[in-house]
2 protein chains.
Amino acid sequence: MAVNRFYGKILDIDLTRRSYEVKEFPEEWIAKFIGGKGLGAKILYDELKPGVDPLSPENILIFIPGPLSGTIAPTGGRWAIVTKSPHTGLYLDSQVGGHFAPKMRKTGYDIFVIRGRADKPVYLYVDDEKVEILDASFLWGKGIFETEDTLRQMYPGAEIGSIGPAGENLVTFALIGFNKYRHAGRGGAGAVMGSKNLKAVVVNGKKRLEYYDPKGLREMVRELNKIIAEHPVMKRRREIGTPMWVKMSNEGGFLPTKNFSRGVYEYADDISGERMRETIWVRNKACYACAIACGKFTHVREGEFKCNEVEGPEYETIALMGSNTETNRLDAIAYANRLCDDLGLDTITMGNVTGFAMELYERGLLKETDGLELRFGNYKAMIELIKKVAYREGIGELFSRGVRGAAEQIGQGSEKFAIHVKGLELPGVEPRGSWGMALAFATADRGGCHQRCWTPTAELNGILPRFSTEGVAKFVKEVQDERAACFSLVLCDFAPFDVSQFAKLLYLVTGVALSEEEYLKTGERIWNLTRMFNVREGISRKDDILPARIMEEPAPVGPAKGLKITKEILDKMLDEYYELRGWDKNGIPTEEKLKELGLI
Amino acid sequence: MAVNRFYGKILDIDLTRRSYEVKEFPEEWIAKFIGGKGLGAKILYDELKPGVDPLSPENILIFIPGPLSGTIAPTGGRWAIVTKSPHTGLYLDSQVGGHFAPKMRKTGYDIFVIRGRADKPVYLYVDDEKVEILDASFLWGKGIFETEDTLRQMYPGAEIGSIGPAGENLVTFALIGFNKYRHAGRGGAGAVMGSKNLKAVVVNGKKRLEYYDPKGLREMVRELNKIIAEHPVMKRRREIGTPMWVKMSNEGGFLPTKNFSRGVYEYADDISGERMRETIWVRNKACYACAIACGKFTHVREGEFKCNEVEGPEYETIALMGSNTETNRLDAIAYANRLCDDLGLDTITMGNVTGFAMELYERGLLKETDGLELRFGNYKAMIELIKKVAYREGIGELFSRGVRGAAEQIGQGSEKFAIHVKGLELPGVEPRGSWGMALAFATADRGGCHQRCWTPTAELNGILPRFSTEGVAKFVKEVQDERAACFSLVLCDFAPFDVSQFAKLLYLVTGVALSEEEYLKTGERIWNLTRMFNVREGISRKDDILPARIMEEPAPVGPAKGLKITKEILDKMLDEYYELRGWDKNGIPTEEKLKELGLI
């Protein structure tokens, strides 16, 4: 079948030479890697030599919507950024929401590959007619909100991605902000952008996206939006959003509390989604083409954080900046959230950094704190720490590379309290309370990440037995593959569609027809490719591990009381997992598997 | 000929009852009043009883794009707001640019009529599917920039009109802000909105605008954009924007200086458009569908106003907040400009108020100033005065009704230095240096306004003799009629098209065919209708007058040195003007004229 190129154009920008070229990738890559995460991994793998410094001009920053990004497919606002992470030194993709994807793809370019380093601050402007690399000296130093507001005024109708001071200062967990509150959040894509002296990317495409079967697509979109409208979990997402998880996590015993020392927080009700709905909630917000509208726009109505506005806090932010630092005030969390969004810091890592710093301070392992009393619950100290980290001032410098980087400098056994996998701090699940997530974290391609496979729903619903290794490896492997494909389309984590529906959407938009089996095989291919990238950087079984606290300290309270994820438990799950994956005992994909997947 | 309703739907919102209804106006009104200004005047005239308090629930606020607003017609970003002015007590239309019109018309409603008063702060949201009146307590008290940024985040892709503290506090020259820097600026529409407890209007239409002859329209748009591209004055507008007038006005001797005491400013070069281009200019900005791009986005790069950003200052702001207050610093003017835009104050009136206050202070007529040293050139005092006026604090209360209102309270002959016509302060032309503008100001329907007829170009080009009454009345009358039609389409002041082109555009969009003569007759009809509105409020010849300074003090320097617009000169022009208009000696339209125009 002749494949029309509904997705295929790359704009390749060299900031060093201030030049660009337009390319197409081979058609068959859509079937093999789809787009987004998968195709980004392919490009990154092919382009980067092993060992490249992520903050050097040799690293590339790939803005890579998938074939469904920016289309009318439900949740098609999602897209991906792929680069080598300065936080982990490994493969990184960040999945982004908001409204950037359609305006980007409508320029006529589906993918931006950004390489090199400008000699002074610049921003990139792309529309249907032109590609410009422009002086950004008047934007440098500004927060993301002001940068975006300024550029939005200068370019009405455009969409903007930008970095804040954290990205400019190369904080390794700096994010790229879109629509103020939507980010390429985890793993430090913002620092890569900062290292390229690239303050912002402005897109203002007005071309029409063409579809392989527009009529069929419109019909299917209607059908899928009906599924969303009637789906009970989507109703809950619309009502409470991701913070619906605060109570469930806490009751399940896996709400990270006090730097992951436990999974139960006595004040969880104070920071719950239900409380948020009653107090600071103003209105729901949806990303482009999304009928779920899980976003919650909030406004603090009284007290010291009066008038603070933010889209959020999301569950992850509440877990890490709330219970994990023992902050039981939604208004303080919302304020810290906004500050991170504006300065350009990942709230998950920043919440971990804060909890870690507080634990070290209380244990007497951290003495020089610029006068900050870093006790658990001291949200004022958290707020000051956020600012110091973004500007790498004083104690902020120490924490500007995350908990692993700080532990390396502090020594004194502090690594024991550093909650990360492969350098990426854990998100809002305390793994002793969710053994599924224990394996998911240990094996996630970008380090301690919840998006590659989410097991708590299955564990709370009895689909996976709790506190057991039974069936975990198979579940994690299959979901990772399926998600890898979904994040390549790109559609959202929350899109409640099945594999046949995802594959059909891909077909209607691009004309590339994959059976369910082929679609899942593509996901597996992508997962193996990101693993190979990491293997090339030195990753193996020794790195598929959990934080010492999780493996050595029994959970003190809650459903998981007395349990820890011992090496024995983890090994059992890893053995099964590697076998199912066709990887060797050391976690390296076998030649046979790579051949089967067409990767070698 | 059957007229399709390409323009005809009214959304009529009652804030008191929190209800709305959808109406259509009679088809034949398009030929009679076109839309925008003309149709707004018709609705206002029919709806309001004489003597209605503009700040009472009985006043109506009409958001009224014309048939060309929001279409692809060049400069079709323009549209109008019509209401009874709380500043003058008379008819008011404000012409607005930016990007609001298309998003408004694409909701399916061409016109919003807003009546009543909400019992607490609300904002209005309208898209293709719904009309909502929503709680705005979380927005009340905010500046326009923050209000707009917040609502833009909540409603991606939407366009927003909002008021700042000045509108909330019913300052009678409060504006409504759009795209931060584009306003319904003159005459206090923002106070009317504030009096209705309406903080903002959010529109997010996505419907397609239909055209009577889409192919013909597209062809004509190409042709007209070519005219714009090749027109030497448009090139200059693109290069320097409205501040191109600073040097020309100054050389012509009509740049308002030191509260209109003269028309020559020794530091004009320091505040010129050319200087602006070299120093604070960053980038041009265009309104929707405009290839002229006269807007100038600026950024102050150093000094005490470092990082101040604004779209502007425009010529009028430079003239009134610059030379008229003897402020010779572009950075201070840009800062004051931004402050007014955010707090929601008309810069022309605010510059007049400042110059007036400074003159009274220096003359010893103003003693209580909350410690402000209101000397000419003291831009810091101007900045403080702006804040005080917006919040009606201390001395700000005195000036919150403009120069006429302040003079009434101050007495002591201060009215002599109050530069206004019918309560609306004069814009950036000192009329002793431009006799054409003297008559234009005296007769403009909303008071001292430069947009109803602009004579300086004709005077500098020898089309009208300078310092002479010869031909002035005919010129002013004809331009007023022609502009009344243009502001009803609505297209921009700067659109360089002729009457046949305007009329053809109207035909291509609506199917309503007017000959050139009929089109101009429509303009005349509209001008007579606004006059009738004002006559009903008590306006007559006695009010078609100029400020005492202009009529009694000879210009001290410059080309107009020794000249003043005496009562004799003005009377001569008025007599001719009334005759040409078919109005009686007292400036009242005759029954014969009104019948001829089909107004009675």
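The values are calculated or read from the model by the stated rules, or taken from the named source; none is laboratory data. This one's a predicted model, so the numbers in the text were calculated from it and none came from an experiment. Note: ideal-geometry Cβ built from the backbone for every residue, glycine included; neighbour counts use all protein chains shown. Just so you know, the surface numbers come from the protein's heavy atoms only, side chains and all, with ligands and any DNA or RNA stripped out. Shrake-Rupley method; radii C 1.70, N 1.55, O 1.52, S 1.80 Å.
Tabulated data
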item: Selection count, segment A:509-554, where residues are under 19 Å from A:G38 (Cα atoms) and either in contact (Cβ under 8 Å) with a residue 24 or more places away in the chain or part of a helix (DSSP H, G or I) (or both); result: 28
item: Any hit, segment A:575-583, residues being part of a loop (DSSP other than H, G, I, E, B) and not assigned by TED's automatic domain parsing to the domain that holds A:V52; result: yes
item: Selected residue [of a type in the set (K, R), within 26 Å of B:R581 (Cβ to Cβ) and open to solvent by 10 Å² or more (accessible area, probe 1.4 Å)] from B:K380, B:K388, B:K422; result: B:K422
item: Among residues of segment A:1-48, those that are in contact (Cβ under 8 Å) with a residue 60 or more places away in the chain and in a strand (DSSP E or B), counted; result: 8
item: Residue list for segment A:303-321, filter: open to solvent by 50 Å² or more (accessible area, probe 1.4 Å) and within 11 Å of chain B (Cβ to nearest Cβ); result: A:K306, A:C307
item: Among the candidates B:G161, B:G141, B:G116, residue that is more than 10 Å from chain A (Cβ to nearest Cβ) and either closer than 24 Å to A:E302 by Cβ or surrounded by 24 or more Cβ atoms within 10 Å (Cβ to Cβ) (or both); result: B:G161
item: First in segment B:164-180 and within 14 Å of another protein chain (Cβ to nearest Cβ) and touching a residue at least 12 places away in the same chain (Cβ under 8 Å), second anywhere and among the aromatic types (F, W, Y) and open to solvent by less than 10 Å² (accessible area, probe 1.4 Å), Cβ under 8 Å, 6 or more apart; result: B:F178/B:F100; B:N179/B:F100
item: Answer residue from segment A:570-592, given it is touching a Phe, Trp or Tyr at 6+ places or on another chain (Cβ under 7 Å) and in contact (Cβ under 8 Å) with a residue 12 or more places away in the chain and is most open to solvent (accessible area, probe 1.4 Å) among those; result: A:K585
item: Sole residue being within 17 Å of B:N352 (Cα to Cα), aliphatic (A, V, I, L, M) and part of a helix (DSSP H, G or I), chosen from B:V389, B:V429; result: B:V389
item: Those residues of segment B:286-302 which are facing another protein chain (nearest Cβ under 8 Å) and not in a loop (DSSP other than H, G, I, E, B), in sequence order; result: B:F297, B:H299
item: Close pairs from segment A:270-284: first of a type in the set (D, E, K, R), partner open to solvent by 50 Å² or more (accessible area, probe 1.4 Å), Cβ under 9 Å, at least 6 apart; result: A:D270/A:N328; A:D270/A:R329; A:E274/A:K247; A:R275/A:D269; A:R277/A:E239
item: Pair list, Cβ under 6 Å, 6 or more apart: segment A:455-476 residue part of a loop (DSSP other than H, G, I, E, B), other residue open to solvent by 70 Å² or more (accessible area, probe 1.4 Å); result: A:T469/A:K572
item: Residues of segment A:162-181 satisfying the condition of being assigned to a loop (DSSP other than H, G, I, E, B), of a type outside the set (K, R) and under 14 Å from A:E146 (Cβ atoms); result: A:I163, A:G164
item: Qualifying residue in segment B:323-332 (condition: farther than 28 Å from B:V246 by Cα, touching a Phe, Trp or Tyr at 6+ places or on another chain (Cβ under 9 Å), open to solvent by 10 Å² or more (accessible area, probe 1.4 Å) and in a loop (DSSP other than H, G, I, E, B)); result: no
item: Test set (1) in contact with a Cys (Cβ under 7 Å, 6 or more places away or on another chain); (2) farther than 30 Å from B:R222 by Cα - B:R78 fails condition number; result: (2)
item: Those residues of segment B:79-95 which are touching a strand residue (DSSP E or B) at 6+ places or on another chain (Cβ under 6 Å) and either small (G, A, S) or surrounded by 24 or more Cβ atoms within 10 Å (Cβ to Cβ) (or both), in sequence order; result: B:W79, B:A80, B:I81, B:V82, B:T83, B:S85, B:T88, B:L92, B:D93, B:S94
item: Some residue of segment A:335-343 being surrounded by 20 or more Cβ atoms within 10 Å (Cβ to Cβ), within 14 Å of another protein chain (Cβ to nearest Cβ) and among the polar types (S, T, N, Q); result: yes
item: Test for A:G558: is it under 27 Å from the mean Cα position of the chain (by Cα) and open to solvent by 30 Å² or more (accessible area, probe 1.4 Å); result: no
item: Boolean, A:P121 is within 14 Å of chain B (Cβ to nearest Cβ) and in contact with a His (Cβ under 8 Å, 6 or more places away or on another chain); result: no
item: Breaking point among (1) of a type in the set (D, E, K, R); (2) away from chain A (no Cβ under 14 Å); (3) open to solvent by less than 10 Å² (accessible area, probe 1.4 Å), for B:R375; result: (3)
item: Matching entry among A:V202, A:V192 (being assigned to a strand (DSSP E or B), modelled with pLDDT of 95 or more and in contact with a strand residue (DSSP E or B) (Cβ under 6 Å, 6 or more places away or on another chain)); result: A:V202
item: Test result for B:E517, open to solvent by 30 Å² or more (accessible area, probe 1.4 Å) and at pLDDT 95 or above; result: yes
item: Some residue of segment A:436-449 being on the phi > 0 side of the Ramachandran plot and in contact with a strand residue (DSSP E or B) (Cβ under 9 Å, 6 or more places away or on another chain); result: yes
item: Near pairs, Cβ below 6 angstrom, 6+ apart or cross-chain, from segment A:390-404 (on the phi < 0 side of the Ramachandran plot) to any residue that is in a loop (DSSP other than H, G, I, E, B); result: A:I395/A:T369; A:I395/A:D370; A:S400/A:V171; A:S400/A:R392; A:R401/A:T172; A:V403/A:A418; A:R404/A:A418; A:R404/A:G423
item: Members of segment B:49-100 that are in a strand (DSSP E or B) and among the hydrophobic types (A, V, I, L, M, F, W, C); result: B:L61, B:I62, B:F63, B:I64, B:W79, B:A80, B:I81, B:V82, B:L92, B:V96
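Per-residue answers, yes or no, for (1) more than 16 Å from the chain's Cα centre (by Cα); (2) within 14 Å of chain B (Cβ to nearest Cβ):
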residue	(1), (2)
A:R78	no, no
A:L92	no, no
A:R105	yes, no
A:F112	yes, no
A:E129	yes, yes
A:D149	yes, yes
A:A184	no, no
